[in-house]
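Asker: Attaching a single structure in structure tokens format; questions to follow.
Nothing in this text is a laboratory measurement; each read-out follows from the coordinates by a stated rule. Since the structure is predicted, the reported quantities are computational estimates derived from the model, not experimental observations. Heads up, the Cβs are rebuilt from the backbone with ideal geometry, glycines too, and the neighbour counts pull from every protein chain shown.
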Amino acid sequence: MKDKVMTSMERVLATLSFKEPDRVPLFLLLTMHGAKELGLSIKEYYSKPEYVIEGQARLQKKYQTDCLYAFLYASVETEAWGGEVIFSDDGPPNAGAPVIHSPDDIMGLNTPRVYESPSLEKVIKIIKGLKEISKGNIPIIGVVMSPFSLPVMQMGFEAYFDLILNRIDLFWKLMGINQAFCVDWANAQVEAGVNAMCYFDPLSSTTIIPRDLYLKTGHIIAKNTLSRIKSPTAIHFASGRILKIIDDVAVTGTSAVGVSIKESLAELKKASYGKMSIIGNLNGIEMRRWTEEKAENEVRKAIIDAAPGGGFILSDNHGEIPFQVPDNILYAISSAVQKWGKYPINKYENSLTST
Amino acid sequence: MSEIETQKLMNFLIDMDRIGTRSYIDSLAAKTSYSKVIETIIAKTLEEVGKKWEEGILSLSQVYMSGRICEELVDEILPPGNNQRKNQPKMAITVFEDSHMLGKRIVYATIRSAGFYITDYGKTDIKSLTAHLHKDTPEILFISVLMLPSALHLKAFICELRKDFPSTKVIVGGAPFLYDEGLWKEIGADAMGHTATDAIMILEQVMKEK
């Protein structure tokens, strides 16, 4: 089995089943780099589905990454809620002012309809185009904001903390509304062709809230929401810490977790093996100024720590690689995976001291 | 003030017990003074809270509530305009190119909790921040940044600031700086804060140098 070169789909499915594929799968979660490939501004690139489809196709081929990424930017969802999106020339589009101005607005909030939202319709078209390219050989990853984390964009962090701590009735009302949207949006993407949903839930990380609050909020919401999404899922905590809640996350029903550079990859692998696969944890912020040698060493280190036994996909730790990361570093990461990531992983050959 | 007192205060704060916190501070102040309690135990406790967040022991929500509770209490004890707030450096804080105010809010609350006054510029970009500086030049400017591109945009701003406002110290903080330790130097800032209480240590250093 390991002599045959697997398709990306075979590779990813093997590792998610805690089997060792031919090599470590690589998820280079590139978004805006597609604009560079096509010579467009970021705003122009996101204006038409065909640009993103072409961009993802080129990036996948160029860097031999094992997925096609249907994520545009986080505020594509707040656009659907009537929010503003602010584009820039060198970074991800950002959410504008909150759409919920006061807690009492929640009572009159209406769930956006997926197929009546131009921003979401655009993503659906992109997914359909990616499905044509994939032909079932390359996993298509969709992204949905968790109902629990979405309010950070809907109302601002501080107002949302105040809501959780002081207006629990309105908090649960908002969770009901957000959950209905999240499930609809996720399932629309699955229907269009996504193979796995990334459930983006940074607020549930212990970087942001303590475990006891997570158990009363994000954990319940995740269990309830993920069971209604019609595809396998991965929960991503956007660089947030999760070791203290890893056993709790494991019972949400998710197949994998995105993990942070702030925690030991080896410990994360040990704690999750057999229950969830881990995806991570290269430092995307620092990556911008890595040398090619540094990139290769970081890949080798991650492979030694987490690859044996499968259950590991190499990726960055945030869920999106910054626009500023240059092509030569992306090539270096991809080459390092090809060079050092073949199974069985030889720990001695892979050791950083044996160069 | 002892470690036991710091730990006791921290327990009230991470339990979000406003009444317990106030009662405990009152009991400590009865033995010394409120200003002593603010300068020593409150500042020290928030420093410990910040350290524990950096170590992954506490969460940002606990840091935020600890800062908020202390800020409200200090404003009751030491209202703005109180003459114990004299001889402080002129300071300002802003969020650069983003609408997420939480990091700035935590630093603002922590600085206020230590008995200092600081002007909040809110959300700014290069143009509006420059306008603020021309109107009201602070000695220390705290800049909170959420996104890497915004951090990189600061480089040009800081370069211009050095020409027009050479005595203003620029202290940066936020997620990009926590994930790339060399970034603050690259953009030309004077220092970076890993936690909100680093802001206190830095401004106290600036006061000593005056």
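Asker: May I ask you to list the residues of the stretch A:142-172 whose amide nitrogen lies under 19 Å from a point 7 Å from Cα along the Cα→beta-carbon direction of residue A:215?
Answerer: Under cut-off, by backbone N: A:165.
Asker: Check which residues have an amide H placed less than 5 Å from residue A:68's amide H, if you skip close sequence neighbours.
Answerer: A:140, A:141
Asker: Let me ask you something else. By counting other Cβ atoms within 10 Å of each Cβ, how are A:329, A:53 ranked from fewest to most?
Answerer: Working: A:329 18, A:53 22.
Least to most surrounded, the residues fall as A:329, A:53.
Asker: Kindly put A:290, A:81 in sequence by how many other C-beta atoms sit within 10 Å of each C-beta, fewest to most.
Answerer: Values: A:290 20, A:81 23.
The most exposed by this proxy come first: A:290, A:81.
Asker: With a 10 Å Cβ neighbour count serving as the proxy for reagent exposure, in which order, fewest first, do B:94, A:111, A:65 appear? Walk me through the numbers before you get to the answer.
Answerer: Values: B:94 22, A:111 16, A:65 25.
Least to most surrounded, the residues fall as A:111, B:94, A:65.
Asker: Hey, if you put +1 on the Cβ of every Lys and Arg and -1 on every Asp and Glu Cβ in the stretch B:101-176, which of B:121, B:144, B:131 ends up farthest toward the positive end of that dipole?
Answerer: Among B:121, B:144, B:131, the one farthest towards the positive end of the dipole of the stretch B:101-176 is B:144.
Asker: For the stretch B:1-106, rounded, prolate or oblate, judged on the Cα gyration tensor with a ≥ b ≥ c (square roots of eigenvalues), a/c < 1.5 rounded, else prolate if a/b > b/c?
Answerer: oblate
Asker: Is it possible to state the helix-based mean residue ellipticity at 222 nm for chain A, with each DSSP H run of 4+ residues giving -39500 (n - 2.57), the sum divided by total residues, to the nearest 500 deg cm²/dmol? What is it?
Answerer: Roughly -13000 deg cm²/dmol at 222 nm, from the helical runs in chain A.
Asker: With unit charges on the beta carbons (Lys and Arg positive, Asp and Glu negative) and the dipole taken about the Cα centre of the protein assembly as shown, which residue among A:328, A:207, A:18 sits farthest to the positive side?
Answerer: So the residue furthest toward the plus end is A:18.
Asker: Report the charge-dipole magnitude of the protein assembly as shown in Debye, nearest 20, computed about the Cα centre from +1 at each Lys and Arg Cβ and -1 at each Asp and Glu Cβ. If you can, show how the numbers build up before the last one.
Answerer: Numbers: 63 positive and 69 negative charges, 162 e Å.
Once rounded to the nearest 20, the dipole reads 780 debye.
Asker: What is the dipole size for the stretch B:11-53, taken about its Cα centre, with +1 at each Lys and Arg Cβ and -1 at each Asp and Glu Cβ, in debye to the nearest 20?
Answerer: Numbers: 7 positive and 6 negative charges, 14 e Å.
It works out to roughly 60 debye.
Asker: Pull out a ≥ b ≥ c, the square roots of the eigenvalues of the alpha-carbon gyration tensor of the stretch A:123-276, then state rounded if a/c is under 1.5, prolate if not and a/b is larger than b/c, and oblate in the remaining case. Mind dumping the intermediate values first?
Answerer: On the way: a/c = 2.06, a/b = 1.23, b/c = 1.67.
Since a/c reaches 1.5 but b/c is at least a/b, the shape of the stretch A:123-276 is classed as oblate.
Asker: Hey, another quick one. Under the rule of at least 5 residues apart or a separate chain, name every residue whose amide H is placed under 5 Å from the amide H of residue B:192.
Answerer: Amide H to amide H, under 5 Å and 5 or more residues apart or across chains, residue B:192 pairs with B:172.
Asker: Quickly work out the residue B:90-to-residue A:244 label distance, labels modelled 7 Å from Cα along the C-beta direction, and quote it in nm with one decimal.
Answerer: Distance between the two pseudo-spin positions: 4.2 nm.
Asker: If the only charges are +1 at each Lys and Arg Cβ and -1 at each Asp and Glu Cβ, what is the size of the charge dipole of the stretch A:1-61 around the Cα centre, to the nearest 20 debye? Write down the numbers at each step before the final one.
Answerer: Details: 10 positive and 8 negative charges, 18 e Å.
Roughly 80 debye, rounded to the nearest 20.
Asker: Follow-up. By its C-alpha gyration tensor, with a ≥ b ≥ c as the square roots of the eigenvalues, how is the stretch B:2-53 shaped: rounded for a/c under 1.5, else prolate for a/b larger than b/c, else oblate?
Answerer: Numbers: a/c = 2.07, a/b = 1.29, b/c = 1.60.
Because a/c hits 1.5 or more and a/b fails to exceed b/c, the stretch B:2-53 counts as oblate.
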